[in-house]
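K.L.:
Mind looking over this structure? Questions follow.
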Amino acid sequence: MILELETAVENYIRLLRAKGYYVTFCFRRDTGFCALPAKYNIHYHPYCLALKTSPEAWDQCIHSQKKVYERLKNGAFFGMCHAGVEEFVFPIPGGAQQDKIIGFVSVSGFKTRETEAKKRVRRVAEEYLISKETLFGLYQKLSPQPPEFASLRAEIEPLCFLLSYLSALTESDAADNSERSLYSRLLTYVNRHFADGITLRDISKNCFCSLSAVSHVFVKHQGVPVMKYIQEKRLTEAKTLLLDSDFSVKTISEMTGFSDSNYFISCFKKAYGLPPAAFRKKSKKSV
């Protein structure tokens with residue numbers, strides 16, 4: 001039942017993303033559990049991808065979630081993050097305890113208060129040593145027209161309750177909880193550090209398990225070896241940056257964890273049939 005529900009959640013998120021929504025979600029570390037959040041708790045529009053190049057900026061995003069949970073006590077809201085991006089945030093209720101908030105779903109990527117936002121963009125650029133020109137350029141690509149709140153809420157709340165039910169089922173599955181807990185840690189670490197040139201040994205060390213456990217558990221729950229998953233994720237992120245930013249191929253290769261741009265070009269061509277520059281040129285011509 002859990003695997004079927006996980007599939008239903010992933011399918012629903014794909015549907016929302018196909019409609020153009022930048023949907024992510026996460027669970028609190030101190031309550032609730034689900035093997036899926038780590039895969040979807042990173043905003044993937046180009047502005048946030050650029051911020052992720054700074055580990056300190058990413059840490060601040062995680063730290064800022066405390067304020068999000070405080071605001072959610074009064075219900076779903078539309079607000080601006082510390083880096084200037086506006087988003088809708090909806091609470092995930094706590095299973096049987098519906099008054100308890102165990103996580104949230106975010107629909108991000110909007111700009112309606114540019115004066116205030118640009119102050120924040122300038123601040124994070126200076127604080128985390130990220131190019132102001134790059135961040136301001138990517139900020140301008142955000143959408144100035146967020147969807148109507150009630151309409152979006154009708155689409156997002158079913159996802160919130162699916163996640164709530166999934167969390168409750170997972171918690172009750174005590175026999176498999178330790179392995180699922182390890183898988184969640186593995187996925188969290190990999191999704192956060194995939195662009196840092198991590199190795200299997202790095203994953204093992206930081207997730208406090210053996211090399212064989214990493215390989216076995218990841219393949220069992222994800223269906224592919226962990227290093228293949230990392231490679232595919234790097235290429236997916238690179239494709240997004242090629243389509244939605246003006247970063248050079250060399251910069252994108254570095255941002256996504258490829259130590260050598262020629263190797264990146266070779267891997268990208270093998271995955272998508274064209275080298276990065278040609279892929280970008282062809283994609284922009286077809287728009």
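K.L.:
Give me the pairs, please: first residue somewhere in the stretch 209-220 and closer than 17 Å to ASN191 by Cα, second residue anywhere and outside any loop (DSSP other than H, G, I, E, B) and among the aromatic types (Phe, Trp, Tyr), beta-carbon distance under 6 Å, and either six or more positions apart or on two chains.
P.N.:
What qualifies is VAL217/TYR183.
K.L.:
List pairs: first residue in the stretch 232-261 and among the acidic types (Asp, Glu), second residue assigned to a loop (DSSP other than H, G, I, E, B) and at pLDDT below 90 anywhere in the structure, Cβ distance under 7 angstrom, at least six positions apart or on different chains.
P.N.:
Within 7 Å, the pairs are GLU237/THR256.
K.L.:
Taking the options PHE247, PHE264, name whichever one is farther than 28 Å from THR7 by Cα, part of a loop (DSSP other than H, G, I, E, B) and either out of contact with any strand residue (DSSP E or B) (no Cβ under 9 Å at 6 or more places or on another chain) or among the hydrophobic types (A, V, I, L, M, F, W, C) (or both).
P.N.:
Answer to the check: PHE247.
K.L.:
List pairs: first in the stretch 124-149 and more than 16 Å from TYR21 (Cα to Cα), second surrounded by fewer than 16 Cβ atoms within 10 Å (Cβ to Cβ) and of a type outside the set (Gly, Ala, Ser), Cβ under 7 Å, 6+ apart or cross-chain?
P.N.:
Qualifying pairs under 7 Å: ALA125/LYS132; TYR128/GLU56; LYS132/ARG122; GLY137/ASP246.
K.L.:
Among the candidates THR251, THR256, which residue alone is in contact with an Asp or Glu (Cβ under 6 Å, 6 or more places away or on another chain) and either within 27 Å of LEU135 (Cβ to Cβ) or surrounded by fewer than 19 Cβ atoms within 10 Å (Cβ to Cβ) (or both)?
P.N.:
Step by step, each of THR251, THR256 is checked, and only THR256 is in contact with an Asp or Glu (Cβ under 6 Å, 6 or more places away or on another chain) and either within 27 Å of LEU135 (Cβ to Cβ) or surrounded by fewer than 19 Cβ atoms within 10 Å (Cβ to Cβ) (or both).
K.L.:
Against the condition in contact (Cβ under 8 Å) with a residue 24 or more places away in the chain, in the same structural domain as ILE62 (by TED's automatic domain parsing) and more than 23 Å from CYS61 (Cα to Cα), how does LEU163 come out, does it pass?
P.N.:
no
K.L.:
Select, from LYS269, LYS285, LYS281, the only residue that is surrounded by 14 or more Cβ atoms within 10 Å (Cβ to Cβ) and basic (Lys, Arg).
P.N.:
LYS269
K.L.:
Looking at the stretch 185-205, can you tell me whether even one residue there is touching a Phe, Trp or Tyr at 6+ places or on another chain (Cβ under 7 Å), among the hydrophobic types (A, V, I, L, M, F, W, C), assigned by TED's automatic domain parsing to the domain that holds ILE101 and closer than 27 Å to ILE13 by Cβ?
P.N.:
no
The values are calculated or read from the model by the stated rules, or taken from the named source; none is laboratory data. Since this is a predicted model, take the numbers as computed values, not measurements. Here the Cβ is made from the backbone with ideal geometry for all residues, glycine too, and neighbour counts use every protein chain on show.
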